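The values are calculated or read from the model by the stated rules, or taken from the named source; none is laboratory data. Keep in mind that this is a model prediction, so the values were computed, not measured. Cβ placement follows ideal geometry from the backbone for every residue including glycine, while neighbour counts extend to all protein chains displayed.
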Amino acid sequence: MTKNIEHPTFHRAAKGDRFQFHDHYLVDDLLDDDHRMARQAVRDWVKAEVSPIIEDSYERGVCATHLFKGLAEIGAFGPSLPVEYGGGGMDEIAYGIIMQELERGDSGLRSMASVQGSLVMYPIYKYANEETRKKYLPKLGSGDFIGCFGLTEPDHGSDPGSMVTNIKDAGDHYVLNGAKMWITNSPIADLAVVWAKDEEGKVRGMVVESGWEGFSAPEIHGKLSLRASITGELVFEDVKVPKENVFPDIKGLRGPLSCLSKARYGIAWGAVGAALDCYDSALRYTLEREQFGRPLAGFQLTQKKLAEMLTEITKGQLLAWRLGTLANKGEATPAQISMAKRNNVNMALEVAREARQMHGGMGITNEYPIMRHMANLESVITYEGTHDIHLLITGMEVTGLNAFK
Ligand code: TGC
Ligand code: FAD
């Protein structure tokens, strides 16, 4: 059988927007013009600025820090935060669709935006005093400052409530001691949003500048995942933190967990982007690659794989979109967000694994984005709450029984 170029899928993929036709359930119709414009702008930017360099960055294990400025220019930092505080003034669906397009490029790229917007700008906007907001948010929004978020510790990952990093009142300032681990962007950060216990054992949040005495952020080497993103520790040795930098009114784990809700929501959308890129590559490859005298896509087993991938991606798109409509009304619950993060990241990882096999030997090379997405997604399924932690959050919601305590 010869290659069937009239095959509608192939025809549409070759002719039009190469991603458009993956929208099997016309989710596009659920978006408004602002969403579509934001998506196109980010897609074009990723194609022009990221696609040409990402395989090289990944292979060398280098974070392309110049992209921070570009991310700021396309409005990827805090898309749903108010404009006057450095955000984009858009809704939650715009935020989600931007994360989708970034992660189509690379999960590490989406990480840069998630951390800056949802884990650094969001808590400063939500919890800091007005002076601190004005001091840091414009520079974070413009990409002049890079931020990081320190919650996880060497001995306390899934259970951040047991953290030992602490602050002690020293009159006109606090003294911060402790260490954080696995912190995205920490070695290049200008500031960190840090969570530490006060003398009453309550978790408090604060902005800590990297130039202050006693602050260091050594890089973590040897990562085989998210290689285009930089990760490090945060070490605090008697760091003096001015009192105005400590968030005044939020006490307890609710503070950092509310930021995680915001970022996990973005990941639920972002993972769809990584899945779409893998699916797209598998579809193109199997339509072109011939074995036994016909395109691989002509075999039933390949079609089963493609059909199932597209079905799962479509379900993930609809889950993210529905969550977005709830988030726009302020009604998305942490448990709903957990379900979407868990489902969509797992879905993307399964799609990546299947796509890898469909590329045969070529699938293990950097000619195709598959291995990079697959390895990245191993981090994504671990950070912001592991796959199993999100399962237990859902389990708690449906049974009313807390499996953590
Ligand atoms: P628990 O007693 O259940 O809750 C403590 C307080 O927090 C409230 N809460 C939330 N509030 C807002 N949003 C959420 N998602 C919330 N979840 C819980 C809760 O109502 C309670 O409030 P209050 O007022 O009654 O005190 O806490 P727990 O100690 O039992 O822990 C529960 C658990 C295990 C679910 C939680 O600790 C958890 O989510 N663990 C996973 C840790 C995690 O996700 N770490 C992520 C670190 S940051 C990161 O990975 C960034 S990657 C960045 C990138 O590169 O993209
Ligand atoms: P652990 O908590 O030790 O878990 C190990 C395993 O045990 C997991 O499979 C987990 O699901 C399982 N487990 C744990 N508790 C239970 C339980 N009760 N029941 C059943 N199974 C359980 N953190 C930050 O604060 N800021 C960042 O910017 C950041 N960036 C990161 C970037 C990367 C690349 C990575 C890999 C991590 C990052 N993290 C960050 C940390 C991340 O959030 C943690 O790795 C994650 O929360 C898991 O913690 P842990 O690695 O200590 O694993």
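Here are some notes:
- Pair list, Cβ under 6 Å, 6 or more apart: the range 292-308 residue within 23 Å of GLU350 (Cβ to Cβ), other residue part of a loop (DSSP other than H, G, I, E, B): LEU296/ARG289
- Number of residues in the range 128-184 that are within 20 Å of GLY88 (Cβ to Cβ) and either in contact with a His (Cβ under 6 Å, 6 or more places away or on another chain) or within 16 Å of ligand 1 (Cβ to nearest atom) (or both): the value is 4.
- Strands (runs of 3 or more DSSP E) contained in the range 141-193 and holding at least 1 residues among the hydrophobic types (A, V, I, L, M, F, W, C), touching a helix residue (DSSP H, G or I) at 6+ places or on another chain (Cβ under 6 Å) and within 14 Å of LEU234 (Cα to Cα): 147-150
- Hits in the range 94-137 - residues which are of a type in the set (S, T, N, Q) and under 19 Å from GLU384 (Cβ atoms): GLN100, SER107, SER111, SER114, GLN116, SER118
- Selected residue [touching a Pro at 6+ places or on another chain (Cβ under 7 Å) and among the hydrophobic types (A, V, I, L, M, F, W, C)] from MET90, MET99, MET112, MET121: MET90
- Residue within the range 125-140 that is surrounded by fewer than 24 Cβ atoms within 10 Å (Cβ to Cβ), not in a helix (DSSP H, G or I) and not assigned by TED's automatic domain parsing to the domain that holds ILE370 present: yes
- Of all residues making up the range 373-393, the number that are more than 7 Å from ligand 1 (Cβ to nearest atom) and of a type in the set (Asp, Glu): 2
- Yes/no for SER57 being surrounded by 17 or more Cβ atoms within 10 Å (Cβ to Cβ), more than 16 Å from the chain's Cα centre (by Cα) and in a helix (DSSP H, G or I): yes
- Residue check for THR333: assigned by TED's automatic domain parsing to the domain that holds ASP280, away from ligand 1 (no atom under 13 Å from the Cβ) and either under 16 Å from LEU283 (Cβ atoms) or of a type outside the set (Asp, Glu) (or both): no
- Checking the stated criteria, GLY211 turns out to be surrounded by fewer than 15 Cβ atoms within 10 Å (Cβ to Cβ), assigned to a loop (DSSP other than H, G, I, E, B) and free of Cβ contacts under 8 Å to residues at least 24 places away in the same chain.
- Complete set of residues in the range 350-371 that are charged (D, E, K, R) and out of contact with any Lys or Arg (no Cβ under 8 Å at 6 or more places or on another chain): GLU350, ARG353, ARG356, GLU367
- Extreme residue, farthest from ligand 2 (Cβ to nearest atom), among residues of the range 370-401 that are without any contact (Cβ under 8 Å) to a residue 40 or more places away in the chain and under 15 Å from SER338 (Cα atoms): VAL398
- Reported count of residues in the range 1-48, each being under 27 Å from GLY108 (Cα atoms), at pLDDT below 80 and assigned to a loop (DSSP other than H, G, I, E, B), is 3.
- Any pair with Cβ under 6 angstrom, 6 or more apart, that starts in the range 254-280 at a residue that is over 16 Å from GLY96 (Cβ atoms) and ends at one that is in a helix (DSSP H, G or I) and within 11 Å of ligand 1 (Cβ to nearest atom): CYS259/LEU119
- Where TYR136 falls short, out of the listed (1) within 16 Å of ligand 2 (Cβ to nearest atom); (2) under 23 Å from the mean Cα position of the chain (by Cα): (1)
- Per-region count, the range 222-261, residues of a type in the set (Lys, Arg) and within 18 Å of ASN166 (Cβ to Cβ): 3
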